[in-house]
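The values are calculated or read from the model by the stated rules, or taken from the named source; none is laboratory data. Model, not experiment: these values are computed from the prediction. Cβ placement follows ideal geometry from the backbone for every residue including glycine, while neighbour counts extend to all protein chains displayed. Please note that ligands, DNA and RNA were not included when accessible areas were found on the heavy atoms of the full protein model with its side chains. Shrake-Rupley method; radii C 1.70, N 1.55, O 1.52, S 1.80 Å.
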Amino acid sequence: MARAKVKASGKGRKYRFSFGPWNIHEGADPFGPPVRQPIAFAKKLKKYRELGFEGIQFHDDDAVPDIDSKSPQQVRKEAARLGKLLANEGLVPEFVAPRLWESPKTIDGGFTSNNPAERKYAFQRSLQAVDIAAELGSKNIVLWLAREGTYIRESKNARLANGYILDAINAMLEHNPEIRVMIEPKPNEPMDHAYVPTIGHAISLAYLSVDPNRVGGLIETAHAKLAGLDPSDEMAFALFHKKLWSVHLNDQNGLKFDEDKSFGAANLREAFNQVRVLEEGGFGLNGEFVGLDVKVMRTQKANNATAHLSNSKRFFELMVHKVRTFNRKAEAECIKNRDYEALERLVVEHLLGV
Ligand code: 3MF
Ligand code: MG
């Protein structure tokens, strides 16, 4: 297949890309078992460079497996060892996310569990994630608040729950003066409703924290869409607050389960607008990664189960090209004349390449 050559650099910007090891996965879903063999972490690490990625997103237990069975010293030691390995391979740890949603101790949520002992576990595990990030050489913690929410509203006190989440964020900030916390909002799934469902909620919590400059957001395309919002507007909101510190680009075909499709695969125009907003807002100029959170289709054979990653990166780069070659003069003219029908045609024809 002939491939158009595109550059994702220019205007002083060279985008760097990241993904998490969970993005290379076995294809299990709630209705069926794995359909591909697991790939060892070391093998996944080799894939990064091969696929043109530099940044690695970590869960705490991606970095240190079986984390709960190890002493704090052991956890730090293993994280430090991995940090050295990454540096030797020229790979960058982008962030660490405490995986609070899989432990038997977080069945009812972590920070917002109704059980104080479970809240304490979530708290301590998050502080440990901060230590892991430091040992790996990353300043970023991501909080995806997976089970911090409810199946039925009456089961938790939502007002107090927001306070518990803020307490945990403050504790992380105080635990390490260098660390930044990025909240990755998602409105639902696994919960019926999650607390902190949008970037607006996340940023309002950030301002209440002990150090608002160190609390920001990571926006995932699909999560914004599941909230019925436009991902590019959500990104613009965070950029306006100087709080868009990472993204999970992917795509989502309407309001259904979180699909994590390849970026741009469901809606080209939304992808165009996300890239347009990121470019215009200077995303990446302070070292931010263009992060992906994408799943390969369950039907994909094992021999090409990373195509969703290279495809997403390529679609992003092609969109950068589309954004940079958009006729800005014609755009300005349409806006000046309040002729948005003409603007619509300009955009659609540009995307269609006519
Ligand atoms: C949620 C996330 C991750 C999840 C990952 C695996 C950082 O959208 O980005 O948390 O763990 O998607 O399901
Ligand atoms: Mg995500």
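Computed quantities for the displayed model
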read-out: Shape box of the range 146-280 [Cα atoms, principal axes, largest first, Å]; value: 41, 36, 19
read-out: For the range 60-129, the spread of Cα positions along each principal axis, largest first, Å; value: 44, 22, 16
read-out: Lys186, Lys322, Lys77, reordered so the largest accessible area comes first (probe 1.4 Å); value: Lys77, Lys322, Lys186
read-out: Cα point-scatterer Debye curve for the range 1-140, base-10 log of I(q)/I(0) at q = 0.09, 0.22 Å⁻¹; value: -0.35, -1.34
read-out: Accessible surface of the chain [probe 1.4 Å, protein heavy atoms]: carbon and sulfur percent; value: 54 percent
read-out: P(r), alpha carbons of the range 199-338 - 10 Å bins starting at zero, rounded %; value: 11, 38, 32, 16, 3, 0
read-out: For the range 126-167 and the range 244-298, distance of Cα centres in Å; value: 23 Å
read-out: Exposure ranking of Thr221, Thr325 by accessible area [1.4 Å probe, largest first]; value: Thr325, Thr221
read-out: Pairs from Lys44/Lys243; Lys70/Lys156; Lys77/Lys105; Lys256/Lys295 whose Cα-Cα separation, in the structure shown, is over 20 Å; value: Lys44/Lys243; Lys70/Lys156; Lys77/Lys105
read-out: Accessible area in the full protein assembly, largest first, 1.4 Å probe, for Leu91, Leu160, Leu239; value: Leu160, Leu239, Leu91
read-out: Where the chain is the region considered: accessible area per residue in Å², 1.4 Å probe; value: 49 Å²
read-out: Helix-derived mean residue ellipticity, 222 nm - over the chain, DSSP H n ≥ 4, -39500 (n - 2.57), to 500; value: -13500 deg cm²/dmol
read-out: Computed Rg/Rh of the chain, alpha carbon atoms with Kirkwood Rh; value: 0.97
read-out: Binned Cα-Cα distance frequencies in the range 267-347 - 10 Å width, integer %; value: 15, 37, 27, 16, 5, 0
read-out: Selection of chymotrypsin sites (Phe, Trp or Tyr not before Pro), the range 17-76, meeting DSSP coil and at most 14 other Cβ within 10 Å; value: Phe31
